[in-house]
Amino acid sequence: MGFRRKDLLGTRDLSADEIRTLLESAESFKEIAERPLKKVPALRGKTVVNLFFEPSTRTRTSFEIAAKRLSADAVNISASTSSVVKGESLLDTVDNLQAMAPDIIVVRHKSVGAAHLIAGHIGASVVNAGDGANEHPTQALLDLLTISAHKKLGPGLRVAIIGDIAHSRVARSNIWALTTLGITVRVCAPPTMLPRGLENIKGVEVCRRPEEALDGVDVVMMLRIQLERQDRLLFPSLRDYAAIFGLNRRRLALARPDAIVMHPGPMNRGVEITSDVADSEQAVILSQVSNGVALRMAVLFLLGGQGHE
Amino acid sequence: MGFRRKDLLGTRDLSADEIRTLLESAESFKEIAERPLKKVPALRGKTVVNLFFEPSTRTRTSFEIAAKRLSADAVNISASTSSVVKGESLLDTVDNLQAMAPDIIVVRHKSVGAAHLIAGHIGASVVNAGDGANEHPTQALLDLLTISAHKKLGPGLRVAIIGDIAHSRVARSNIWALTTLGITVRVCAPPTMLPRGLENIKGVEVCRRPEEALDGVDVVMMLRIQLERQDRLLFPSLRDYAAIFGLNRRRLALARPDAIVMHPGPMNRGVEITSDVADSEQAVILSQVSNGVALRMAVLFLLGGQGHE
Amino acid sequence: MGFRRKDLLGTRDLSADEIRTLLESAESFKEIAERPLKKVPALRGKTVVNLFFEPSTRTRTSFEIAAKRLSADAVNISASTSSVVKGESLLDTVDNLQAMAPDIIVVRHKSVGAAHLIAGHIGASVVNAGDGANEHPTQALLDLLTISAHKKLGPGLRVAIIGDIAHSRVARSNIWALTTLGITVRVCAPPTMLPRGLENIKGVEVCRRPEEALDGVDVVMMLRIQLERQDRLLFPSLRDYAAIFGLNRRRLALARPDAIVMHPGPMNRGVEITSDVADSEQAVILSQVSNGVALRMAVLFLLGGQGHE
């Protein structure tokens, strides 16, 4: 057992054993956030670069705090101020960064496969913090970590994922990770937000209506409607979306009484989720954020420690 | 004695004892900036987040340097790159941040009461680094620290505050802190820049003309004219403002010969203050900046150390 | 021997001894980037401020990583968020920064002489990270460090610099440093990109055609065409520029067979350099970047250590 990869690019190619190793390591890091001194020397002298071609305070801050609590040096690079604006190619940008000898590069990019391209090109470890609509593996892993505090991960567990599946790397990474652990995943989306072929994945059930998806599930994952992309008009109106697909008390009552409610954030209250559900005792949305720091500490630790071997 | 609050939100509700505790602690931190190694381990393992919804290099840098000299991990978040742009509510943004277990959040926001709202909502300590035109307590406290190097703080001392009082959180925080210590505050502003009701505060004297305000005072605080807000036209022209309200040698001669001149910066030379006055020996404007780091170290130390008790 | 300056503002006034001291120190820092723990405590408790009035991820990141590997606290300030937008003068901005007691300020500014102005005004050490088209000394020094791994620095060595000489602080700093070491510098540019008077500098040869400049040289330095400035139309078209001045295999064959190819980055592949040359074994472009971190560690170390004496 262990985690012997150079990179964490997605959950699609992770084995159940690898997922469990990551979760166990993260479990041990959860305790650090509760200490008065939230810092361990594990990655002292290591350099972690947050290379964000798309803005994301939330994810960048989570990785930055994770790196600093491991005593690594964290360096933030955002695209708006980067050489990208000077017309340099992505690989040249990354080659240059590699020449400065970072240990881990956390990368977010709007293009599918960007993290894979970079990882194949350089010696530093690469963590995919989101590549287009493809994968966002640390989000799926922190979701698993959060579920595992309430439910036993494995066959018999049923998770509903509802929302804009087609444009969601969160959904995609969760589908791969959950099904790898033998968990049943019900997906539900408006036809314009549902990618083809999902029904062919073992363990995935495609549902037309949210009521069908929610029936008796243990976990409800609501996806964010990306308001900033609504010019694409994937749905007549937000009000219609909320009425048909939004999670409210009435719909949540269809799930198991002890079902937990998740959301990757930032939430659009009143759109994909009502405030009373978001703030209810069934919601574990803020635990997801806390677990995000612990999970990312585990990822950085497992990747960054390899140089010692 | 001591400082037992979770947050520092304003000077309005600070007692004279609390103010003195903060100043005494800051006094002890002033010496650190003069050491070859300007660092103490006081807040090692603590996370300080600078959450700035309004840009401010000056204040953010001062807090960041203060945090780092205390060995805390400092994380900067600016609104332009934050989830705010994705439509998330302020409290959801802050809840998420809290879930990452920061120890202290330093917040600047354009809305009055933002820091109070946040502080009441989360467990981390909150420092108000400016909420609209309401309060900016660390600025007032660093001003007191600066005055105390030259004058005895207490009854008998007279301070003139001249400029755009209505839109100045610096003025407001100073008025509360100075009057709490029994110091007389003379305020002077054009009618469009003078809030109502100031004359009802014990210890405050409202003056029509700067000559009246300056007469025999020990301390002159000039406020910045916010050029970037001049579209609101609170005064016919900058030239007129400078002619009537600007501090020049001639007007300064009305104050006590040993009066000190203060400005919270950034200065508009030739508008609210002439260059010869700004650069004169009576000006303590750069001492204010130096004291700002020491004062903020004291604030972070007193708030951040509470977790240990 | 030693380096006893307060500041590093340019290569123009450096002696050969000073250059050699900097290179020797940098040589010793090169090894640190290859350690598992890339960190030394040399500048613990020191504050390094990166004050960038022009955006530059590459240079800022290199200085930030260098500072952190020396255990200094690094604080980044970019102009877009600074008080500059509030109308404050450069010297007031810098005075304020100085009041916060930084040890070293790394400054980039679009105006020639900005770093010199700042250095003459404050007590902190200043490193010029680029002032307009004037100087960028750490780039020239890292170029020398890179050359020194392949060639003996000194009389007999011949370096060709080809491109937009007139607008290149990289060219200017290299010309001063190289000629100070007795190295012959051949410069070649379109007439609109060639400053007057270069031919009067001892050791500099101005060539009309790149073929003439390349003939038998040991080192080829290609300069970046600043696409973002092409509205000025210094050349009919990029295609024409590439055809006449770009470095390709055919032209490179005119240099010595063991000649090395350099570029300060970011490269415009297909414009000033073809991809096959940029990726060839003769190219040392990524070594320049690696050496940049080591060289900047040396500069920060030599300047920052003075406070101890």
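Out of curiosity, is A:ARG208 open to solvent by 10 Å² or more (accessible area, probe 1.4 Å) and under 19 Å from the mean Cα position of the chain (by Cα)?
Details: open to solvent by 10 Å² or more (accessible area, probe 1.4 Å): yes; under 19 Å from the mean Cα position of the chain (by Cα): no.
So A:ARG208 fails the test.
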**Asked** Among the listed residues C:GLY123, C:GLY130, which satisfies the condition of being farther than 30 Å from C:ARG256 by Cα, in the same structural domain as C:GLU54 (by TED's automatic domain parsing) and in a loop (DSSP other than H, G, I, E, B)?
**Response** C:GLY123
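Applying the selection to region A:16-58, what residues are among the small types (Gly, Ala, Ser) and touching a helix residue (DSSP H, G or I) at 6+ places or on another chain (Cβ under 7 Å)? Give the steps one after another, and end with the answer.
First, the residues of region A:16-58 that are among the small types (Gly, Ala, Ser): A:16, A:25-26, A:28, A:33, A:42, A:45, A:56.
The answer is A:ALA16, A:SER25, A:ALA26, A:ALA33, A:ALA42.
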**Asked** Taking into account only those residues within region B:1-29 that are over 29 Å from C:ALA124 (Cβ atoms) and among the small types (Gly, Ala, Ser), which is surrounded by the most Cβ atoms within 10 Å (Cβ to Cβ)?
**Response** B:GLY10
**Message:** Quick check on my filter: what residues within region A:157-171 are open to solvent by 20 Å² or more (accessible area, probe 1.4 Å) and touching a Gly at 6+ places or on another chain (Cβ under 8 Å)?
**Reply:** A:ARG158, A:ARG169
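Mind checking which residues of region B:264-309 are at positive phi and either at pLDDT 95 or above or over 13 Å from the mean Cα position of the chain (by Cα) (or both)?
At the first step, the residues of region B:264-309 found to be at positive phi are B:265, B:270.
Matches in region B:264-309: B:GLY270 only.
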**Message:** Against the conditions (1) in a helix (DSSP H, G or I); (2) at pLDDT below 95, where does C:ARG20 fall short? Just the number, please.
**Reply:** (2)
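Output yes when any residue across region B:101-118 is free of Cβ contacts under 8 Å to residues at least 40 places away in the same chain, assigned by TED's automatic domain parsing to the domain that holds B:GLU31, in contact with a Ser or Thr (Cβ under 6 Å, 6 or more places away or on another chain) and not in a strand (DSSP E or B), and no when none is. Full working, then the answer.
Pass one, region B:101-118, residues free of Cβ contacts under 8 Å to residues at least 40 places away in the same chain: B:111-113, B:117-118.
Then keep just the ones that are assigned by TED's automatic domain parsing to the domain that holds B:GLU31; that gives B:111-113, B:117-118.
Then drop every residue that is not in contact with a Ser or Thr (Cβ under 6 Å, 6 or more places away or on another chain), which leaves none.
Within region B:101-118 (the criterion being free of Cβ contacts under 8 Å to residues at least 40 places away in the same chain, assigned by TED's automatic domain parsing to the domain that holds B:GLU31, in contact with a Ser or Thr (Cβ under 6 Å, 6 or more places away or on another chain) and not in a strand (DSSP E or B)), the answer is no, since none of the residues qualifies.
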**Asked** Name the residues in region B:32-51 that are of a type outside the set (D, E, K, R), at pLDDT below 95 and not in a loop (DSSP other than H, G, I, E, B), would you?
**Response** B:ILE32, B:ALA33
**Request:** Test each condition in (1) over 23 Å from the mean Cα position of the chain (by Cα); (2) open to solvent by less than 30 Å² (accessible area, probe 1.4 Å); (3) aliphatic (A, V, I, L, M) for A:ILE32 and report the one that comes out false.
**Result:** (1)
**Request:** Sort out for me the strands (runs of 3 or more DSSP E) sitting completely within region A:172-289 that have 1 or more residues that are within 14 Å of chain B (Cβ to nearest Cβ) and touching a Phe, Trp or Tyr at 6+ places or on another chain (Cβ under 6 Å).
**Result:** none
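Within the group C:VAL219, C:VAL277, which residue is in contact with a helix residue (DSSP H, G or I) (Cβ under 9 Å, 6 or more places away or on another chain), farther than 20 Å from A:ASP95 by Cα and either exposed (fewer than 15 other Cβ atoms within 10 Å of the Cβ) or of a type in the set (Val, Ile, Thr) (or both)? Please lay out each step first, then the result.
Numbers: C:VAL277 fails: farther than 20 Å from A:ASP95 by Cα.
The conditions single out C:VAL219.
Quick check on B:ARG44: is it basic (Lys, Arg), within 25 Å of C:THR47 (Cα to Cα), open to solvent by 50 Å² or more (accessible area, probe 1.4 Å) and touching a residue at least 12 places away in the same chain (Cβ under 8 Å)? Before the answer, list the steps.
On the way: basic (Lys, Arg): yes; within 25 Å of C:THR47 (Cα to Cα): yes; open to solvent by 50 Å² or more (accessible area, probe 1.4 Å): yes; touching a residue at least 12 places away in the same chain (Cβ under 8 Å): yes.
Considered against the rule, which asks whether it is basic (Lys, Arg), within 25 Å of C:THR47 (Cα to Cα), open to solvent by 50 Å² or more (accessible area, probe 1.4 Å) and touching a residue at least 12 places away in the same chain (Cβ under 8 Å), B:ARG44 comes out as yes.
Only one of A:LEU145, A:LEU141, A:LEU153 is in a loop (DSSP other than H, G, I, E, B), in contact with a helix residue (DSSP H, G or I) (Cβ under 7 Å, 6 or more places away or on another chain), in contact (Cβ under 8 Å) with a residue 12 or more places away in the chain and closer than 16 Å to A:THR180 by Cβ; which?
Details: A:LEU145 fails: in a loop (DSSP other than H, G, I, E, B); A:LEU141 fails: in a loop (DSSP other than H, G, I, E, B).
After ruling out the rest, the residue left standing is A:LEU153.
Among the residues of region B:53-71 satisfying the criterion of being outside any helix (DSSP H, G or I) and either at pLDDT below 95 or open to solvent by 10 Å² or more (accessible area, probe 1.4 Å) (or both), which is nearest to the other protein chains (Cβ to nearest Cβ)? Walk me through how you get there before you give the answer.
Just the residues of region B:53-71 that are outside any helix (DSSP H, G or I), to begin with: B:53-56, B:70-71.
Those still in the list that are either at pLDDT below 95 or open to solvent by 10 Å² or more (accessible area, probe 1.4 Å) (or both) too: B:53-56, B:71.
Numbers: B:PHE53: 12, B:GLU54: 10, B:PRO55: 5, B:SER56: 8, B:SER71: 9 Å.
So, considering only residues that are outside any helix (DSSP H, G or I) and either at pLDDT below 95 or open to solvent by 10 Å² or more (accessible area, probe 1.4 Å) (or both), the one nearest to the other protein chains (Cβ to nearest Cβ) is B:PRO55.
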**Asked** Does region A:72-84 contain at least one residue that is away from chain B (no Cβ under 14 Å), open to solvent by less than 20 Å² (accessible area, probe 1.4 Å) and either touching a Leu at 6+ places or on another chain (Cβ under 7 Å) or of a type outside the set (Val, Ile, Thr) (or both)?
**Response** yes
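Determine, yes or no, whether A:ILE175 is at pLDDT 95 or above and closer than 23 Å to A:SER290 by Cα. Break it down stepwise before answering.
On the way: at pLDDT 95 or above: yes; closer than 23 Å to A:SER290 by Cα: yes.
Yes, satisfied.
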**Prompt:** All but one of (1) assigned by TED's automatic domain parsing to the domain that holds C:ASP131; (2) of a type in the set (Gly, Ala, Ser); (3) under 18 Å from the mean Cα position of the chain (by Cα) hold for C:GLY45; which doesn't?
**Reply:** (3)
**Message:** Looking at A:THR184, A:THR180, A:THR192 in this structure, which one is among the β-branched types (Val, Ile, Thr) and over 19 Å from the mean Cα position of the chain (by Cα)?
**Reply:** A:THR192
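Residues A:VAL94, A:VAL49: which one is touching a strand residue (DSSP E or B) at 6+ places or on another chain (Cβ under 9 Å) and at the interface with another protein chain (Cβ under 9 Å from one of its Cβ atoms)?
Details: A:VAL94 fails: at the interface with another protein chain (Cβ under 9 Å from one of its Cβ atoms).
Answer to the selection: A:VAL49.
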**Prompt:** How do the pairs read when you match residues in region B:178-206 that are more than 20 Å from B:ASP218 (Cα to Cα) and assigned by TED's automatic domain parsing to the domain that holds B:ALA166 with residues anywhere that are of a type in the set (Gly, Ala, Ser) and crowded, with 16+ Cβ neighbours inside 10 Å, using Cβ under 8 Å and keeping only pairs 6 or more apart or on different chains?
**Reply:** B:THR192/B:ALA166; B:MET193/B:GLY163; B:MET193/B:ALA166; B:LEU194/B:ALA166; B:PRO195/B:ALA166
**Message:** Would you confirm, using the coordinates I've provided, whether A:LEU300 is farther than 24 Å from A:THR184 by Cβ, in a helix (DSSP H, G or I) and without any contact (Cβ under 8 Å) to a residue 24 or more places away in the chain?
**Reply:** no
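The values are calculated or read from the model by the stated rules, or taken from the named source; none is laboratory data. As the structure is a computational prediction, the values presented were derived from the model and not from experiment. All Cβ positions, glycine included, derive from the backbone under ideal geometry; neighbour counts span all protein chains shown. When the accessible area is computed, the model is the full protein with side chains, heavy atoms only, and any ligands, DNA or RNA have been set aside. Shrake-Rupley method; radii C 1.70, N 1.55, O 1.52, S 1.80 Å.
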